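Note sheet for the following structure.
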Amino acid sequence: MAKYNNEKCNLDGYEFDSKEEMRYYEYLKDLKAKEKILNFELQPKYILLEAFKYMGKKRQAMTYTPDYLVYYLDGTEELIDVKGFSTQMGLMRRKLFEYFYPNIKLTWIASSYKYGDDDGWITVEDLKKYRSNAKRGKL
């Protein structure tokens with residue numbers, strides 16, 4: 001078991017941090033085969049803070065590595081990060097990413113067959129809204 005009870009998975013020579021991340025990879029492969037997207041990349045890396053020295057000690061760069069970069073047929077691009085949960089560190093990195101890269105679309109998605117689309121995918125924000133409304137009996 002990996003951190004946060006996610007199991008590492010392997011497919012096509014790639015290692016994924018979770019089954020859901022691997023399932024989204026298969027989803028993107030299917031979209032590409034059906035020519036619904038142009039292409040996609042795995043784990044592009046973005047620098048949030050360059051490496052630096054502090055009081056003579058080296059500090060590593062801080063990066064954000066979403067799961068996928070999707071290239072759509074209309075020329076637009078979107079970063080996708082598959083989430084099963086949010087951590088404080090993840091939320092901080094997302095906020096920094098949005099600050100330093102305001103022109104790049106970043107979407108956090110989750111798997112939910114109850115609330116998601118036909119393939120079971122939904123944005124994390126929408127899933128939170130559905131779950132909140134369900135708790136309050138508004139669904």
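Annotations for the structure displayed:
- Among the GluC sites (Glu not before Pro) found in the range 1-60, those both in a DSSP coil and sparsely packed, with 11 or fewer other Cβ atoms within 10 Å of their Cβ, are Glu7, Glu35, Glu50.
- Around the amide H of Asp67, modelled in the peptide plane, lie the amide H atoms of Ile80, Asp81, Val82, all under 5 Å away and 5 or more residues distant in sequence or on another chain.
- Were the residues from Glu35 through Leu73 laid out at 0.36 nm apart, the gain over their Cα-Cα distance would be 12.9 nm.
- Convex hull projection area averaged over all views, the range 1-129, Cα basis, nm²: 9.9
- With at most 13 neighbouring Cβ atoms within 10 Å, loop chymotrypsin sites (Phe, Trp or Tyr not before Pro) (DSSP) excluded, longest segment of the chain: 1-84
- Residue exposure sequence - Lys34, Lys29 - by fewest surrounding Cβ within 10 Å: Lys34, Lys29
- When the listed pairs Lys34/Lys83; Lys8/Lys29; Lys83/Lys135; Lys36/Lys114 are checked against a 31 Å cut-off, every alpha-carbon distance falls at or below it.
- In plain terms, the chain from Lys129 to Glu7 could stretch by 41.2 nm, reckoned as 0.36 nm per residue minus the Cα-Cα distance.
- Label sites at Lys57 and Leu42, each approximated as a point 7 angstrom past Cα along Cα to Cβ, lie 3.5 nm apart.
- Environment charge of Tyr71, counting only residues whose C-beta is closer than 13 Å and scoring Lys/Arg +1, Asp/Glu -1: -2
- The charge dipole of the chain, taken about its Cα centre with unit charges on the Cβ atoms of Lys, Arg (+1), Asp and Glu (-1) only, comes to about 960 debye.
Read the figures in this text as sums done on the coordinates, not as results from a lab. This is a predicted model, so every value here is computed, not measured. Note that we place each Cβ from the backbone using ideal geometry, even for glycine, and neighbour counts take in every protein chain shown.
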